[in-house]
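Since the structure comes first, as C-alpha cells, the remarks are kept for the end.
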There are 2 protein chains.
Amino acid sequence: MKRLNVDLGDRSYPILIGEGILSRMPEFLAERGIKTVNKLLIVTDDTVAGYHLAPLQEILTQAGYSAAVHTVPAGEQSKTLEQFEEVITSALKAGLDRHSVIIALGGGVVGDLAGFAAASFMRGIRFVQVPTTILAHDSSVGGKVAVNHRFAKNIIGAFHQPELVLFDTALLKTLPQREIRAGLAEVIKEGLIWDADFVAWCEEHADALLALSPEETAYALYNGCHVKAQVVSQDEREQSLRAILNLGHTIGHALEAVAQYQQLLHGEAISIGMVGSAKLAVRLGYDPEIYTTTKRILQKFGLPVRIPHDYSTEQILQAMMHDKKFRDGKMVFVVPVAIGKTEIRDDIEASWIKEIIDELKQEA
Amino acid sequence: MKRLNVDLGDRSYPILIGEGILSRMPEFLAERGIKTVNKLLIVTDDTVAGYHLAPLQEILTQAGYSAAVHTVPAGEQSKTLEQFEEVITSALKAGLDRHSVIIALGGGVVGDLAGFAAASFMRGIRFVQVPTTILAHDSSVGGKVAVNHRFAKNIIGAFHQPELVLFDTALLKTLPQREIRAGLAEVIKEGLIWDADFVAWCEEHADALLALSPEETAYALYNGCHVKAQVVSQDEREQSLRAILNLGHTIGHALEAVAQYQQLLHGEAISIGMVGSAKLAVRLGYDPEIYTTTKRILQKFGLPVRIPHDYSTEQILQAMMHDKKFRDGKMVFVVPVAIGKTEIRDDIEASWIKEIIDELKQEA
C-alpha cells in the first residue's frame, strides 16, 4: 500500500492507495478518530452501489459502525442543488449530528456532491472519500467540492478537506474502458503541468495503464495525486498556483456545458481542452513540440482531440463567459510553456480562443 | 461612530456603528480593498428595498461602483435553498467573478441567505453586511451563514466572515415596534450569557431602547456585538465556548419550526426559550433569581415568556431532535448558572425538557 500525506496544517490528511485495502477501512477510520459511536452516511450512485456498496456495508457493520445510505442516479446530472438537498434530507433522517461522517463511495460526481453536503451540513462535518474511478484521483485531492448550476459547472461549492481518501485499485476493475481512458486524461494532465518524466512514463506504459495492470495503476494514481497534493499544499484556496491544475479546463468545461454534460466525459472534454491549450502555447511562441507531444500522447490513450463538428463555436464561447477563470472581463488561461511546465496568462484575447475552437473542429 | 474589530487573524473585520454612516460606505469599501472595478451584488428583501435600496444604490453609483440587485420576499420563508439558487442565478447573470462582492442589505434572513451565497459562489467570494434590524447585530458577528431545510433551521450553511459590517442606526427607524422588541431579545441574551452589568443597564434603559433613542441604541448594539465578538474570537468554528451564544435557542428554534417560521419572530421564540433555560437552571439547583430576573427583564421589553397553548409539546420535542445541539443522542443545553454566566451541559434528560415545555405553556 502507498500512503501519501496531503500537507495542509491542521487539515492534513492521508491518501491510501492499494489493491484490496477497502477491507482495512475500519482500521483507517479509527486512525482518524472516527469511532463506532459516530454515525456514518454513505453517499453513492446506483451504478457503483451495484458493485461495491454491499461489501463496504459489510466491512463497516462487522467492525461495529452504523451507516445509512443515500443513492443518487449515476452521472453528472446528479451534481445539482436538488440532489444536494436530498442528501441533506437523508442526513437529517439518519439523525446525523456534527460528529457524524459522510463517506463518498464513487467517482468525482459523488465525491463533489457528498463533499459539498459534508461542507454545508451543520456548517461542516467530516467526510471520507472512497474513489471508484481513476478520474476521482483528481477530485479526491484538494478539497474542492461543488454542485453545478444550470448556467455553469461547479459554481456552487466550498473548500472542504476530507479526513481520509481510501483508493482501492481493485474497485476500478468494474469501470468501462471509456471511463478508464477518460480518467487517465487527468493523470496525464498532472504530468503535463508539473512532471515531464511522468509524461514520458505514461506514454511508455499506456497499454499497461489501459489494462489496469495493478502495479502501473497504483504508480500512476500515486504520482497523479502527488503532483496535485504538491500544488494544493502550496495554494489551498486557489489564489494563484493552484489554477495550473485547470490546464485544459476552460475549454473543457465549456464543451461539457454545450454537450449538456451528457455526450462527453469530463476527461474527454479536458483532453480536447489540453490540445487547445497546447495550440494556444504555440500561437504565443512556445515550442511547437508542446502541441505535437500533447496530442500524440492523448491519442495513444484513445482520447479525443477534436471538437465534434456540430458543436456551436458561439455556444462554446458563451459557456466560457460563465466559467470562473475570468477576471475583470479579461480571459485567463493556463498555458503549457513546455511539457511539464505551465504558466497562467491573463492577457488572452477572446478572438484567439474563437480561432482555436474553430481549428479544434478541424483537428485530424 | 463606534468601531469594533472582530479579531479572527487574517479573517478579522470591522463593525462600524453610527447614525447616518451609510453615506460613508464607499470610503469603508475602499478601506477594505473593494474597488470600483469589483462588481457588487446587493441582496435585499422587498420591504427593506422600499426604504433603503435607492439611497444605497445612489451612494454606490455616485462613487463609481456598479451594483446589481437581487430582491427576495421579506421573511424567514426566503431562507431556502430555492432562494439561494436564485441569488446564485442573479450573481451569474450580473457577471460576478471571484473578485466580486455580495452586499447584504437587510435583517438576519437576508444576511444569512446572502452570506451563504457569498460563501458558496465560486467556493467563496467576499461579502459586506448592512444590517437594517436590531436582531441582525447578532447574525452580523461570527460568520455563521445558512439557509433552512424543511426539517430544520440553519442546517445548511457555512462559516464565512464578512469584510465589513456597516450598522447605520438611522436605518432602524423604519422597523415595526414588534421587531424592535424581538431584536432587543438577542441584545439582552448577550448580557445574560456574559455581562451582568449590561443586563442591569438594559433593564434600566428599556424605554429609551424601545424608543430607539440614538445614543442608547448605539451603545446597546456595540455592547451586544462586543460580547458576541469576544466569544467568537475565542471559538470561531463553534467547537465549544461559542455554543453559549445559543442560550434559549434549542427551545426557540423548535418553537419557530412548530410555528412554521410564521407566528413567532426569532427574538420572541428565544425569549420564551431563555425563560425555559432559566427554569432548567433552577431545576439543576442554581439560584431561583436567574429565573425571576430573566423573566422580569423580558417582560419589561414586552417580550413573550409563555408557549401558546395550542403548540403541541410532542411536535416541539420532535423539532428539537432535528436541531443540531445534540450529541450521540444526549441533549445538550446552554444553562444560565448566574445572570451573566452560562455553562454548556450535555447531561440533560429529555423528560426534564418535556416537563419544562409543559410548564412554559402555563407561564403567567
0 to 90° range, to nearest 10: angle between helix B:214-234 axis and chain B longest Cα axis:
80 degrees
At least 40 Å² accessible surface lost relative to isolated chain, residues of region A:97-114 (1.4 Å probe)
A:Asp97, A:Arg98, A:His99
Placing one identical point scatterer on every Cα of the protein assembly as shown and ignoring solvent, what is log10 I(q)/I(0) from the Debye formula at q = 0.05, 0.07 Å⁻¹?
-0.27, -0.52
Would you kindly work out, in nm and rounded to one decimal, the distances from the label point of A:Gln263 to those of the same position in each other copy, ordered shortest first, with label points 7 Å along Cα-to-Cβ?
5.7
Which of the peptides B:44-54, B:247-257, B:111-121 is most tightly packed, and how do the rest follow, going by the mean number of other Cβ atoms within 10 Å of each residue?
B:111-121, B:247-257, B:44-54
Per residue, accessible area of the protein assembly as shown with a 1.4 Å probe, heavy atoms of protein chains only, in Å², comes to 36 Å²
For peptide A:62-75, how many partner chain Cβ atoms fall within 10 Å of a residue's Cβ, on average?
0
Taking the mean number of other Cβ atoms within 10 Å as a proxy for protection, how do you rank A:133-141, B:166-174, A:158-166 from highest to lowest?
A:133-141, A:158-166, B:166-174
Rounded if a/c is under 1.5, else prolate if a/b is larger than b/c, else oblate: which is region B:21-161, with a ≥ b ≥ c the root eigenvalues of its Cα gyration tensor?
prolate
For chain A, what is the calculated [θ] at 222 nm in deg cm²/dmol (nearest 500), taking -39500 (n - 2.57) for each run of four or more DSSP H residues and dividing by its residue count?
-13500 deg cm²/dmol
Am I reading the A/B interface right? What is its buried accessible area, both sides, 1.4 Å probe, to the nearest 100 Å²?
3500 Å²
Between rounded, prolate and oblate, where does region B:1-103 land on the alpha carbon gyration tensor, with a ≥ b ≥ c its root eigenvalues, rounded for a/c under 1.5, else prolate if a/b exceeds b/c?
rounded
Could you rank the peptides B:307-314, A:72-79, A:263-270, A:101-108 by their average count of other C-beta atoms within 10 Å per residue, with the highest value first?
A:101-108, A:263-270, A:72-79, B:307-314
Taking Cα atoms only, helix A:81-93 is inclined relative to the longest principal axis of chain A by an angle, in degrees rounded to 10, of 10 degrees
Scaled to the compact-protein estimate 2.2 N^0.38 Å, what is the alpha-carbon radius of gyration of region B:282-323, rounded to two decimal places?
1.50
A:Glu204 label points, 7 Å along Cα→Cβ, one per copy: pairwise distances from this copy to the rest in nm, shortest first?
8.3
Lys/Arg +1, Asp/Glu -1 at C-beta; chain B dipole; positive extreme among B:Ile357, B:Leu221, B:Val337
B:Leu221
Extending each Cα 7 Å along its Cβ direction at B:Lys341 and A:Gln230, get the distance between those two points in nm, one decimal.
5.7 nm
Prolate/oblate/rounded label for region A:233-300 (Cα gyration tensor, a/c 1.5)
oblate
Using only the alpha-carbon atoms of region B:133-190 as identical scatterers, what base-10 log of I(q)/I(0) does the Debye formula give at q = 0.22 Å⁻¹?
-1.01
Relative contact order (percent, whole number), chain A, Cα cutoff 8 Å, 6+ residue spacing
15 percent
Roughly what angle does helix A:289-300 make with the longest principal axis of chain A, taking Cα atoms, 0 to 90 degrees, to the nearest 10?
50 degrees
Given B:Lys300/B:Lys354; A:Lys354/B:Lys35; B:Lys79/B:Lys189; A:Lys189/A:Lys300; A:Lys228/A:Lys361; A:Lys79/B:Lys79, which pairs have Cα atoms separated by over 25 Å?
B:Lys300/B:Lys354; A:Lys354/B:Lys35; A:Lys228/A:Lys361
Carbon plus sulfur fraction of accessible area for the protein assembly as shown, probe 1.4 Å, in percent
48 percent
Have a look at region A:149-164 and report residues whose accessible surface goes down by 30 Å² or more when the remaining protein chains are included, against the chain on its own, probe 1.4 Å, ligands and DNA/RNA excluded.
A:His149, A:Arg150, A:Phe151, A:Ile155, A:Ile156, A:Gly157
Inter-copy distances for A:Pro26, label 7 Å out on the Cα-Cβ vector, sorted ascending, nm, one decimal, are 6.7
Expressed in whole Å with the largest first, what are the equivalent ellipsoid semi-axes of region B:177-362 derived from the C-alpha gyration tensor as the square root of 5 times each eigenvalue?
25, 19, 15
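The values are calculated or read from the model by the stated rules, or taken from the named source; none is laboratory data. Source: prediction; values computed, not measured. Because the Cβ atoms are built from the backbone with ideal geometry, glycine has one as well, and the counts that use them run over all protein chains shown. The accessibility values were calculated without ligands, DNA or RNA, using every heavy atom of the protein model including side chains. Shrake-Rupley method; radii C 1.70, N 1.55, O 1.52, S 1.80 Å.
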